[in-house]
Amino acid sequence: MLNDKIVLITGASRGIGAATTRLFAQKGYGVCINFLKDEIAAEQLKNEILQYQVKCITVKADVSKASEVKRLFKTVDEELGCLSVLVNNVGILKTQCRLDEIDEQRFSQVLTTNVMSCFLCSQQAVKRMSSKYGGKGGSIVNVSSGAAKSGSPNEYIDYAASKGAIDSLTKGLAIEVAGEGIRVNAVRPGLIHTDIHASGGEPNRIDRLKAKIPMQRGGEPAEVAEAIYWLASEKSSFATGSFIDIAGGL
Ligand code: NAD
């Protein structure tokens, strides 16, 4: 199994990350499935995608920590080879509440997980992809959120702030490395049916959110994966610093 193109997807054992893993594998990419806790789900996904005759590894790593990110990328170098695509997919969302109910620990955890992971992984990817360091170029796709634009008042402004930071990282890095053969883009999903919404809180929240969506439904992880794949692939060769809303018109 010699796959020319290699993708690393963070937080890939379920949800949007798992759907993205499936799509890249179908397209012939060798895949690294990063996961934090759910080893069984990660191994099941690996077994599922091996049917596409692609190389695949699973690597447990907390991508908000520099030492674990370094180990993750070293493993990709050694076991898969030259990285072509990084998908910064990791993200956490806590129960909705107002500003005065968000404590320092929660704010710090959400910002560290969502933003530090993107920063650290992008830094390692650029070191490998940049023509400045002898790399062959590549593509980074960040998973932001519609919350970056709405600010998510009364729900989770910590999460919205983290996604606003992802948007700034996307734009700034895109311009910084545009001359080095690397493109950096982002998707901004709206309401997508995944376990990220299982944190409890208001019982009718999903129905309330759906009522605001012009297409009158939530999205599926596979619908976000298609946009991620397009932004990563050569089909979007002139797009960098770009954002695609996958939000049913919201
Ligand atoms: P999810 O909870 O199913 O997936 C997130 C994954 O990230 C989980 O597998 C989790 O274990 C992993 N993870 C969390 N912290 C980690 C860490 N430190 N290191 C490694 N892995 C870690 O949720 P999802 O909906 O698939 O979310 C994927 C991305 O999409 C997130 O960035 C999320 O913010 C974004 N998003 C989701 C929605 C939605 O409605 N589902 C909307 C907008 C944006």
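Where the only charges are on Cβ atoms (+1 Lys, Arg; -1 Asp, Glu), what is the dipole of the chain about its Cα centre, to the nearest 20 debye?
On the way: 30 positive and 27 negative charges, 92 e Å.
With only Lys, Arg, Asp and Glu charged at Cβ, the dipole is about 440 debye.
What does the charge count around Gly28 come to, taking other residues whose C-beta lies under 15 Å from its C-beta (Lys +1, Arg +1, Asp -1, Glu -1)? Walk me through the intermediate numbers first.
Working: positive: Lys5, Arg22, Lys27, Lys55, Lys235; negative: Asp4, Glu234.
Combined, the nearby Lys, Arg, Asp and Glu give +3.
So what are the ³J(HN,Hα) numbers for the range 7-14, from phi and the Karplus equation (6.51, -1.76, 1.60; θ = phi - 60°), rounded to whole Hz, Gly and Pro as x?
Here the 3J(HN,Hα) series is 10, 10, 10, 7, x, 9, 6, 8 Hz.
Return a whole-number percent for the relative contact order of the chain, with Cα pairs under 8 Å and 6 or more residues apart as the contact set.
19
Mind checking the full-extension length gain between Arg98 and Ser131? Use 0.36 nm per residue of separation minus the Cα-Cα distance, one decimal, nm. Please report the intermediate quantities before stating the final value.
On the way: separation 33, 0.36 × 33 = 11.88 nm, distance 4.56 nm.
Difference between extended and current length: 7.3 nm.
For Ile244, enumerate residues with amide H under 5 Å from its amide H, sequence gap 5+ or separate chain, H modeled in the peptide plane.
Result for Ile244 returns Ala186, Val187, Arg188.
Normalised radius of gyration for the chain, please: alpha carbon Rg relative to 2.2 N^0.38 Å, two decimal places.
Working: Rg = 17.3 Å, N = 250, 2.2 N^0.38 = 17.9 Å.
Normalised Rg, Cα atoms only: 0.97.
At what distance in nm do the modelled label points of His197 and Glu48 sit from each other, each positioned 7 Å from its Cα along Cα→Cβ?
The answer from the label model is 1.9 nm.
Just the number please: accessible area per residue for the range 96-141, 1.4 Å probe, all protein chains included, in Å². It would help to have the intermediate numbers written out before the result.
Values: 2510 Å² over 46 residues.
Heavy-atom accessible area per residue stands at 55 Å².
Per the 1.4 Å probe, what fraction of the accessible area of the range 1-125, in percent, lies on carbon and sulfur atoms? Intermediate values should be presented prior to the final figure.
Values: 2910 of 5890 Å².
Carbon-and-sulfur percentage of accessible area, whole number: 49.
Which whole-Hz couplings ³J(HN,Hα) result when phi for each residue of the range 206-216 is put into the Karplus expression 6.51 cos²θ - 1.76 cosθ + 1.60, θ = phi - 60°, listed in order with x for Gly and Pro?
Coupling constants for the range 206-216: 4, 5, 5, 5, 4, 4, 8, 8, x, 7, 6 Hz.
For the range 178-250, give the percent of accessible area contributed by carbon and sulfur heavy atoms, probe 1.4 Å, rounded to a whole number.
Values: 2090 of 3810 Å².
The value for the range 178-250 is 55 percent carbon and sulfur by accessible area.
Between Asp4 and Asn154, what is the label-to-label distance in nm when each label sits 7 Å out along the Cα-to-Cβ direction?
For the pair Asp4/Asn154, the computed spacing is 5.3 nm.
With a 1.4 Å probe and all protein chains kept in place, how do Phe243, Phe238 rank by accessible area, largest first?
Details: Phe243 55, Phe238 200 Å².
Per-residue accessible area, sorted high to low, gives Phe238, Phe243.
Taking only the Cα atoms of the range 11-62, how large is their convex hull per residue, in Å³? Working shown, then result.
Details: hull volume 2.9 nm³, N = 52.
Normalising the Cα hull of the range 11-62 by residue number yields 55 Å³.
Run the numbers for Asp62 and Asp38: contour at 0.36 nm per residue of separation, minus the present Cα-Cα distance, in nm.
Numbers: separation 24, 0.36 × 24 = 8.64 nm, distance 1.20 nm.
7.4 nm is the gain from fully extending Asp62 to Asp38.
The values are calculated or read from the model by the stated rules, or taken from the named source; none is laboratory data. Not measured: the values here are computed from a predicted model. Reconstructed Cβ throughout: ideal geometry from the backbone, glycine too, with neighbour counts over all protein chains shown. Calculation scope for accessible area: heavy atoms of the full protein, side chains included, ligands and nucleic acids excluded. Shrake-Rupley method; radii C 1.70, N 1.55, O 1.52, S 1.80 Å.
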